[in-house]
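K.L.:
Encoded as structure tokens, here's the structure I'll be asking about.
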Amino acid sequence: MNSSLGPRATVWQIILWACLAIEGLWFFLAFKLAPAPYPLQLWLMLLLWLLVAGSSVAFRDLPALVVIAAIANLIGTALLKSRPGGIAHPWLWFLYYRSIDLLIVIAAFAIWTIRKKRIVTR
């Protein structure tokens, strides 16, 4: 992300990366505590998270990609977690819930909007 986009974009970028780090920590805990019958679910969720993290790295070139990836991550993880045989650790699920995914979507959209306004005003 270009630092010339202003302090608002920087704040949203910090929120985005903090949420991605928290979600990565959640995966670390989930893989440590995952029940044996459901490892595929965690790997699919990790793949969705890697999509968002990877597109965040490429944010300078493709700003809309993070928004699309974040929405796909939110929908995908909600579908995976709400199906039968979901995460077997309810306290871990409670800590994570969907708030991090929602914050990632909001932060990515805010950064994209700020960048789009910046390009239009040039």
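The values are calculated or read from the model by the stated rules, or taken from the named source; none is laboratory data. On a predicted model such as this, the values are computed, not experimentally measured, just so you know. Cβ sites come from the backbone with ideal geometry, for glycine too, and all protein chains shown count toward neighbours.
K.L.:
Where residues in the range 79-122 are modelled with pLDDT under 65 and either touching a Ser or Thr at 6+ places or on another chain (Cβ under 7 Å) or charged (D, E, K, R) (or both), which of them is surrounded by the most Cβ atoms within 10 Å (Cβ to Cβ)?
P.N.:
Filtering first and then ranking leaves ARG83.
K.L.:
Still on this structure: List the pairs whose first member sits in the range 18-29 and is charged (D, E, K, R), whose second member is at pLDDT 85 or above, and whose Cβ atoms are under 6 Å apart, counting only residues at least 6 apart or on separate chains?
P.N.:
Between residues of the range 18-29 that are charged (D, E, K, R) and residues that are at pLDDT 85 or above, the close pairs are GLU23/TRP49.
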